[in-house]
Amino acid sequence: MYDPPGYLWAITITGITAIPAATSLVLYGRAVRAGLGRRRAALLAGGAAAVLGGWFTASAVIAGHGWYHARLGHGVPWLPVAAAGFLGLLLALRRIPVVARALAAPGTVSRLELPHSFRVAGGAAFLAIMALGHLPALFALPAGLGDIAAGIAAPLAARRLAQGTGRRAAVWFNAFGLTDLVTALTLGALTGFGLLNITPSSAPITELPLALIPTATVPLLFALHITSLVALARAPRPAPSAAGPLISGATPRVAVAPSPAPRAR
């Protein structure tokens, strides 16, 4: 069993708890913006925090008992089952009317990018544990650097969206974020379940505290990306201006009436 140093516990847990906390705050603000009132908004945010915190706690208990540590063909691979099940639950919860109304509030998409900022912590943890010799570079480098890049880009994408000029950039950001998550999960499965015989393996991601990233944090990030892309696809695009572009320095021509023909003498 791998037990990382205390500072890596602190970095990992900080990122793991900050993402659901930021998501709950976003839901509160969007519910108020949608006109649900502060009381209902607080209930929505509290319910989201209870669901997210409850699953994070349950997943920690499962990981603590070692149930995520299984090789393919030797028992049920509970880690991907848990991740897929939690993602399905989150996508289903979006259809609750009060949640759907909060997510439809103006400016929601830009706020949904902000929780991704805390992916920097998870990426840094992957790279640090790799440097200590307990994670393979094949997994830790793309997963760690991808999370750090997504975390840095998140507030920039959110800011441009808030200014009304970053729709295309937001689509690319969410596409990159999804690609990063899929890549990390794929490489984690290949190196963690023994499908690729490399040393060291990615077995630490099935143990605490890293196990909470693929089973709890990644499904939440997936749901945020999917929700953002759906909202971007439904948002009306600005209509092109009817007037053509003006050329600098050009002045409009003034119609001049033709001069009368000279009279014949």
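A few comments on the model shown:
- Average accessible surface for the chain: 55 Å² per residue, computed with a 1.4 Å probe over protein heavy atoms with every protein chain in place.
- Its Cα centre serving as origin, the range 84-172 has a Cβ charge dipole (Lys and Arg +1, Asp and Glu -1) of approximately 460 debye.
- Annotation: extensible slack from ARG33 through THR186 equals 51.3 nm (criterion: 0.36 nm per residue apart, minus Cα-Cα distance).
- Virtual spin-label span in nm between THR179 and ARG234, 7 Å along Cα→Cβ: 2.7 nm
- Mean residue ellipticity, 222 nm, helices only, the chain: the sum of -39500 (n - 2.57) across DSSP H runs of n ≥ 4, divided by residue count and rounded to 500, is -21000 deg cm²/dmol.
- A straight line joining the Cα centroids of the range 20-52 and the range 146-188 runs 23 Å.
- Angle of helix 78-93 to the longest C-alpha principal axis of the chain, folded into 0 to 90 degrees and rounded to 10: 40°.
- Calculated FRET efficiency for the pair TYR2/HIS65, C-beta based, R₀ 22 Å, to 0.05: 0.90
- Rounded to the nearest 20 debye, dipole of the chain from Cβ charges on Lys, Arg, Asp, Glu: 1960 debye
- Efficiency of FRET from Cβ geometry, LEU25 and GLN163, R₀ 22 Å, rounded to 0.05: 0.55
- Averaged over residues, the count of other Cβ atoms within 10 Å places the peptides 25-36, 110-121 in the sequence 110-121, 25-36, highest first.
- Over the range 82-159, relative contact order from alpha-carbon pairs under 8 Å, at least 6 apart, %: 36 percent
The values are calculated or read from the model by the stated rules, or taken from the named source; none is laboratory data. Everything numeric in this text was worked out from a predicted model, so none of it was measured. Every residue, glycine among them, receives a Cβ derived from its backbone with ideal geometry; neighbour counts consider all protein chains shown. With ligands, DNA and RNA removed, areas are computed over all heavy atoms of the protein, side chains included. Shrake-Rupley method; radii C 1.70, N 1.55, O 1.52, S 1.80 Å.
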